[in-house]
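K.L.:
The structure follows.
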Amino acid sequence: EVQRASTYAPVNIAVIKYWGKRDTKLNLPTNSSLSVTLSQDDLRTHTTATCSSSYKSDTLTLNGSDQDIAGARTQACLRELRALRKEIEAKDSHVPKLSEMALKIVSENNFPTAAGLASSAAGFAALVRAIANLYQLPATPTVLSRIARQGSGSACRSLFGGYVGWNQGELDDGSDSVAYEVAPASHWPGMRALILVASAEKKDVSSTAGMQQTVASSALFQHRAENVVPKRMEAMEAAIKDRNFEAFAALTTKDSNNFHATCLDTDPPIFYMNDTSRAAVRMCETINQVAGRQICAYTFDAGPNAVVYYLAEDEGRVAGAFKSMLGDLTGWTEGVKATDVSAGMEHVAEMLKKGISRVISTSVGDGPRKTEEH
Ligand code: DP6
């Protein structure tokens, strides 16, 4: 007999970045962070977990290819989930002993893996949520975020929808280093995100390795963690609660630039942004100048892709401006009209056209959702 459960989990893109660990085994961060959960209609990991007494050992496939399940991060997640299942089994002898059976986990991303599109976040969130469903755990998203964090730090934020914080916590065992909902997606549903895919290749320096190098060598990083981020977390939560886009945008762009400055301050320096990324920055600056206020915000993770946040009411002026330069790539929201802001921007236009292979238009979305079992 085979037991089965399936889920989708969303991608999240941080607006206050997680960068640096105080405990590399538990993925305990040196600063709190905050992200926007993106719509699972556009970007998602789909994971099915099954278990059966006929399976020989735990297995994991991603997009059809076998993954190493023996890694410490995946093992930590499986161990924690089995321990919670064992508590249920210990209370009632009629409950099937699923915790003793091998697991078969099958995952599919509907976007390029490791393109700096937060695939590990959606991946671990989906893995943890699928197994929790399979085991019928009464665990809250908060408890599951503590488990998913051990798979990949940013994954803890993908257990919630909308606007999500991750409290760095203080305890050595990490029990207070969990994600929390700042506001649901419905609080500010006009939020839009345009992802400019500048590279669908695997990234140069993984975030895990990059942040370790930064912690070891950057003095700017220490300043960021101690003095910069705590104030920004407060200001960002207030901006979201007040639906104050200008404040949200200013904090988002500043924090991305501060994070990339600590990367440059790392020894040897780490460059995640490239010429295409910088052209996207120039475009956003121009769009804001033309508008006379901040109507778009850019942010970059551990790779060159730009994520541009804006409000639906400014779709023409933001997405339209990029469309006028990038032309007929697929992925634009239907009906977006090209708005020309290209005067004096020939070089920027050329860089964008050359470097961007694909756009993804999406919005803020909900947390993991159960899917039809298959
Ligand atoms: C730049 O969560 O991928 O995207 O905990 O080592 O798996 P590990 O790192 P990961 O780092 C994400 C870094 C970031 C910023 C962010 O998402 O907050």
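K.L.:
Going by the conditions given, is residue 49 farther than 23 Å from residue 224 by Cβ, more than 13 Å from the ligand (Cβ to nearest atom) and surrounded by 24 or more Cβ atoms within 10 Å (Cβ to Cβ)?
P.N.:
Considered against the rule, which asks whether it is farther than 23 Å from residue 224 by Cβ, more than 13 Å from the ligand (Cβ to nearest atom) and surrounded by 24 or more Cβ atoms within 10 Å (Cβ to Cβ), residue 49 comes out as yes.
K.L.:
Being of a type in the set (Val, Ile, Thr) and free of Cβ contacts under 8 Å to residues at least 12 places away in the same chain is the filter here, so list the residues in segment 144-199 that pass it.
P.N.:
Listed by number, the list is empty, since nothing qualifies.
For every residue, the table says whether it meets (1) surrounded by fewer than 21 Cβ atoms within 10 Å (Cβ to Cβ); (2) more than 19 Å from residue 145 (Cα to Cα); (3) among the charged types (D, E, K, R); (4) in contact (Cβ under 8 Å) with a residue 12 or more places away in the chain.
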residue	(1), (2), (3), (4)
24	yes, no, no, yes
36	no, no, no, yes
41	yes, yes, yes, yes
60	no, yes, no, yes
91	yes, yes, yes, no
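K.L.:
Within segment 195-204, identify whether any single residue is touching a helix residue (DSSP H, G or I) at 6+ places or on another chain (Cβ under 7 Å) and among the hydrophobic types (A, V, I, L, M, F, W, C), and answer yes or no.
P.N.:
Yes, that holds for at least one residue.
K.L.:
How do the strands (runs of 3 or more DSSP E) wholly within segment 95-211 filter down when requiring 3 or more residues that are at pLDDT 95 or above, more than 12 Å from the ligand (Cβ to nearest atom) and closer than 21 Å to residue 68 by Cα: which remain?
P.N.:
102-109
K.L.:
May I pose another question? Does residue 9 meet the test of being under 11 Å from the mean Cα position of the chain (by Cα) and either within 14 Å of the ligand (Cβ to nearest atom) or within 16 Å of residue 126 (Cβ to Cβ) (or both)?
P.N.:
Here the answer is yes, as residue 9 does meet what is asked.
K.L.:
All but one of (1) at pLDDT 95 or above; (2) out of contact with any strand residue (DSSP E or B) (no Cβ under 7 Å at 6 or more places or on another chain); (3) part of a helix (DSSP H, G or I) hold for residue 325; state the number of the condition that does not hold.
P.N.:
The failed condition is (1).
K.L.:
One residue is enough: does segment 62-83 have a residue meeting the conditions of a type in the set (Ser, Thr, Tyr) and within 14 Å of the chain's Cα centre (by Cα)?
P.N.:
Among the residues of segment 62-83, not one is of a type in the set (Ser, Thr, Tyr) and within 14 Å of the chain's Cα centre (by Cα), which makes the answer no.
K.L.:
So which of 300, 245 ends up being of a type outside the set (A, V, I, L, M) and under 16 Å from residue 17 (Cα atoms)?
P.N.:
300
K.L.:
Separate question: Residues in segment 19-41: is at least one assigned to a loop (DSSP other than H, G, I, E, B), within 15 Å of the ligand (Cβ to nearest atom) and over 23 Å from residue 176 (Cβ atoms)?
P.N.:
For segment 19-41, residues assigned to a loop (DSSP other than H, G, I, E, B), within 15 Å of the ligand (Cβ to nearest atom) and over 23 Å from residue 176 (Cβ atoms): absent.
K.L.:
Let me confirm something: among 157, 129, which residue is buried (at least 24 other Cβ atoms within 10 Å of the Cβ), closer than 17 Å to residue 20 by Cα and not aromatic (Phe, Trp, Tyr)?
P.N.:
157
K.L.:
A further question follows. Would you tally the residues in segment 184-228 being farther than 18 Å from residue 17 by Cα, surrounded by fewer than 20 Cβ atoms within 10 Å (Cβ to Cβ) and in contact with a Gly (Cβ under 6 Å, 6 or more places away or on another chain)?
P.N.:
1
K.L.:
Which fully enclosed helices (runs of 4 or more DSSP H) of segment 229-291 have 2 or more residues being over 21 Å from the mean Cα position of the chain (by Cα), buried (at least 21 other Cβ atoms within 10 Å of the Cβ) and at pLDDT 95 or above?
P.N.:
So the answer is 275-291.
K.L.:
Does segment 273-280 contain any residue that is more than 15 Å from the ligand (Cβ to nearest atom), among the hydroxyl-bearing types (Ser, Thr, Tyr) and farther than 17 Å from residue 16 by Cβ?
P.N.:
yes
K.L.:
Of the residues 301, 314, only one is surrounded by 16 or more Cβ atoms within 10 Å (Cβ to Cβ) and assigned to a helix (DSSP H, G or I); which?
P.N.:
Unique residue meeting the criteria: 314.
K.L.:
In addition: Step by step: first the residues of segment 54-68, then only those that are outside any strand (DSSP E or B) and modelled with pLDDT of 95 or more, then the one that is farthest from the ligand (Cβ to nearest atom). Which residue is that?
P.N.:
So, considering only residues that are outside any strand (DSSP E or B) and modelled with pLDDT of 95 or more, the one farthest from the ligand (Cβ to nearest atom) is 54.
The values are calculated or read from the model by the stated rules, or taken from the named source; none is laboratory data. This is a predicted model, so every value here is computed, not measured. Counting neighbours? That spans all protein chains shown, and the Cβs are built from the backbone with ideal geometry, glycine included.
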